[in-house]
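To start, the structure under review is shown below, and the notes come after it.
The values are calculated or read from the model by the stated rules, or taken from the named source; none is laboratory data. Keep in mind it's a predicted model, so treat the numbers as computed, not measured. Please note: Cβ atoms are built from the backbone with ideal geometry, for glycine as well, and neighbour counts cover all protein chains shown. Remember, those area values only see protein heavy atoms, side chains included, never the ligands or the DNA or RNA. Shrake-Rupley method; radii C 1.70, N 1.55, O 1.52, S 1.80 Å.
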Amino acid sequence: MAYPGQPAPGGGFYQGGYGGAPGGPAFPGQAQDPLYGYFAAVAGQDGQIDADELQRCLTQSGIAGAYKPFNVETCRLMISMLDRDLSGTLGFNEFKELWAVVNGWKQHFMSFDSDRSGTVDREELEKALTNMGFRLSPQAVTAITKRYSTRGKITFDDYIACCVKLRALTECFRRRDVSQQGFVNFQYDDFIQCVMSI
């Protein structure tokens with residue numbers, strides 16, 4: 001069984017298992033990479049970007065398009081998704097990976113925002129999550145909608161936060177589901193660490 005976040009041949013992401021992220025392209029070397037300018041402009045001497053810097057970088061890049069820029073909490077969630085050394089920051093390679101995933105999610109969001117309102121509703125969210133390979137009950141989709149919507153509508157920023165959280169929780173669960181049956185046993189402390197690290 002494949003899980004989200006595993007690079008697929010050609011630079012995309014597998015969409016099996018519990019759900020995944022639409023893929024993104026592979027990038028060339030740093031010197032020729034057009035993303036490096038956005039990254040370097042905010043990274044500073046340490047070559048890393050934190051949540052505030054990520055917000056600035058993504059805003060300057062225009063990745064949100066006509067949608068409102070990401071809030072700092074969404075940027076923190078995005079960093080936690082790829083922050084393998086738990087430094088609270090991203091290096092350039094992690095940033096490139098994030099860029100590919102966010103671009104995939106943006107295209108995905110736009111494909112389900114059929115009226116171009118800048119939001120998706122519960123039914124559109126359910127279709128989007130199913131399309132990504134998540135097998136969730138109607139009750140789970142309703143709970144997710146309540147958490148990430150305002151008056152039943154989910155903005156692009158909240159959609160990204162939702163996708164990041166689902167990806168991180170799925171990865172946390174997947175690491176413990178060694179038999180890949182969809183069931184795990186958590187100790188309370190392990191559960192808290194998993195949830196709080198996202």
Residue pairs meeting the criteria (Cβ under 7 Å; at least 6 apart or on separate chains; first without any contact (Cβ under 8 Å) to a residue 40 or more places away in the chain and among the small types (Gly, Ala, Ser), in the stretch 78-100; second surrounded by fewer than 19 Cβ atoms within 10 Å (Cβ to Cβ) and not in a loop (DSSP other than H, G, I, E, B))
none
Restricting attention to the stretch 98-108, does a residue exist that is farther than 19 Å from Asn131 by Cβ and at pLDDT below 85?
no
Is there a residue in the stretch 36-49 that is part of a loop (DSSP other than H, G, I, E, B), surrounded by 13 or more Cβ atoms within 10 Å (Cβ to Cβ) and out of contact with any strand residue (DSSP E or B) (no Cβ under 8 Å at 6 or more places or on another chain)?
no
Given the structure, is Gly37 of a type outside the set (Lys, Arg), free of Cβ contacts under 8 Å to residues at least 60 places away in the same chain and on the phi > 0 side of the Ramachandran plot?
no
Which numbered condition in (1) touching a residue at least 24 places away in the same chain (Cβ under 8 Å); (2) farther than 24 Å from Asn71 by Cα is the only one that Asp189 fails?
(1)
Kindly evaluate Ala128 against the criterion of being of a type in the set (A, V, I, L, M) and over 18 Å from Pro69 (Cβ atoms).
yes
Identify, from the list Ser114, Ser80, the residue that is open to solvent by 10 Å² or more (accessible area, probe 1.4 Å) and in a loop (DSSP other than H, G, I, E, B).
Ser114
Output for the stretch 66-86, where each listed residue is hydroxyl-bearing (Ser, Thr, Tyr), within 12 Å of the chain's Cα centre (by Cα) and within 19 Å of Gln107 (Cβ to Cβ)
Thr74
For residues in the stretch 118-147 being assigned to a helix (DSSP H, G or I) and of a type in the set (Gly, Ala, Ser), which is most open to solvent (accessible area, probe 1.4 Å)?
Ala143
Taking only pairs six or more apart or across chains, which ones have beta-carbon atoms under 8 Å, a first residue in the stretch 135-148 that is touching a residue at least 12 places away in the same chain (Cβ under 8 Å), and a second residue that is open to solvent by 60 Å² or more (accessible area, probe 1.4 Å) and not in a helix (DSSP H, G or I)?
Ile144/Leu136
Identify all residues within the stretch 183-198 that are assigned to a loop (DSSP other than H, G, I, E, B) and either more than 23 Å from Asp85 (Cβ to Cβ) or open to solvent by 70 Å² or more (accessible area, probe 1.4 Å) (or both); write none if there are none.
Phe183, Val184, Asn185, Phe186, Gln187, Ser197
Out of Gln15, Gln6, I need the residue that is surrounded by fewer than 16 Cβ atoms within 10 Å (Cβ to Cβ), over 23 Å from Thr155 (Cβ atoms) and either at pLDDT below 75 or β-branched (Val, Ile, Thr) (or both). Which one?
Gln6
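So that you can scan it fast, the table gives a plain yes or no per residue for (1) at pLDDT 80 or above; (2) polar (S, T, N, Q); (3) over 22 Å from Ser111 (Cα atoms):
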position: Ala2; (1), (2), (3): no, no, yes
position: Pro25; (1), (2), (3): no, no, no
position: Pro28; (1), (2), (3): no, no, yes
position: Asp46; (1), (2), (3): yes, no, yes
position: Thr59; (1), (2), (3): yes, yes, no
position: Gly91; (1), (2), (3): yes, no, yes
Within the stretch 148-182, work out how many residues are in a helix (DSSP H, G or I) and open to solvent by 30 Å² or more (accessible area, probe 1.4 Å).
8
